[in-house]
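The values are calculated or read from the model by the stated rules, or taken from the named source; none is laboratory data. Nothing here was measured: the structure is a model prediction, and the numbers come from that model. As a convention, Cβ positions derive from the backbone with ideal geometry for all residues, glycine included, and neighbour counts pool all protein chains shown.
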Amino acid sequence: MQPTTAILIGACAATIGWIYTARRAHILSRKQYTITVILNASSNERFIRQRDLIAPHLKNGQCPTLWLNGNHDQLRDALRDVLNHYEFVAAGLRNGDFDEKLLKDSERSTFVRLFARCEEYIWQLRNGRERMTIYEHLEWLHQRWEKAPPGLFQRSIEFLRGRPFYGGLERRR
C-alpha cells in the first residue's frame, strides 16, 4: 500500500469517526432536552394548576365553549397556556429540537386528545383572527401521530435530516 493511500484511508476513517461522534452527541443532547422539558412541565405548579382546571372540561370529550361567555377569563387563560405549551413542544419536535420517540412514548395520547377535543375552538380562533397558523404545529403533530407511523423510507430520510418532514397544513373551514 502506498503512503498516500494509507493517509487517505486514515483521513476518511477519522472523518467518519468525527461525524459519528458529533451525530451521537446531538442525539443525546436532544434526548436530554426533551426529558428536561417534560419534567419541567410535570413539576411546574402553575402549569399543573392550569391543566387541572381545564381537565374536567376536556374529559367530557370536548373543549370548553369559552367563546360564548366572557366571564371565564381564568379558564380561557388556562386553556391558552396549556395549548401554548403543547404548541411549543410540537414546534420543537417539528424542527428537530426534541426526540420524537421519547415524546411519543410519554405524551402521545395527551397531544392527540388535546387537539381532537379543542379542534373546533382552534378553528374559531383561526377564523376569528384570520390566521391559519394558530396552533399549526399541534395540528401537524396530531395528524402525524393519529395515523399509522411513517414508513421505513420516510424515517430514514428524517433520520438523515435530523428532524421530521414538515408536511402540509390542512386548510379547511
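Annotations for the structure displayed:
- Close pairs from segment 44-58: first over 9 Å from L79 (Cα atoms), partner not charged (D, E, K, R), Cβ under 6 Å, at least 6 apart: F47/A41; H57/P64
- Highlighted here are the helices (runs of 4 or more DSSP H) found entirely within segment 68-153 that include at least 3 residues which are surrounded by fewer than 15 Cβ atoms within 10 Å (Cβ to Cβ): 73-94, 100-129.
- Qualifying residue in segment 52-63 (condition: at pLDDT 90 or above and closer than 22 Å to Y86 by Cα): yes
- Checked across segment 119-137, the condition of being closer than 16 Å to I38 by Cα and under 10 Å from the mean Cα position of the chain (by Cα) holds for no residue.
- Of Y121, Y33, all but one fail to be touching a Ser or Thr at 6+ places or on another chain (Cβ under 9 Å) and hydroxyl-bearing (S, T, Y); the exception is Y121.
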